[in-house]
Amino acid sequence: MVAAANKNKKDKLVIKKDPPRAEPKVLSCPKCAQELQNFLFKGVVVDKCFGCGGFFLDRGELEKLVGDEDVVLKAILGYNL
């Protein structure tokens, strides 16, 4: 009887579908307000402005490209941590 009850519960399971995805947000360049275009570079999505030539990364993406936070900080700040 327990097995039959469990089977009935399994039959009643409902598979939830992913909610509909929102339209992708269009990002504007903070420098010149042109629309940013994104592309994949070394496994990281990079936002590029073709108006002013700027590149924009989200938090942590620079470290993914370079490989180590200390390397990034040393290159930016010019000293070891």
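The values are calculated or read from the model by the stated rules, or taken from the named source; none is laboratory data. This one's a predicted model, so the numbers in the text were calculated from it and none came from an experiment. We place every Cβ from the backbone using ideal geometry, glycine too, and count neighbours over all the protein chains shown.
Couple of notes before you dig in:
- Yes/no for Leu27 being surrounded by 12 or more Cβ atoms within 10 Å (Cβ to Cβ), among the aliphatic types (A, V, I, L, M) and at pLDDT 80 or above: yes
- Residue count for region 39-63, restricted to those that are exposed (fewer than 13 other Cβ atoms within 10 Å of the Cβ) and not aliphatic (A, V, I, L, M): 10.
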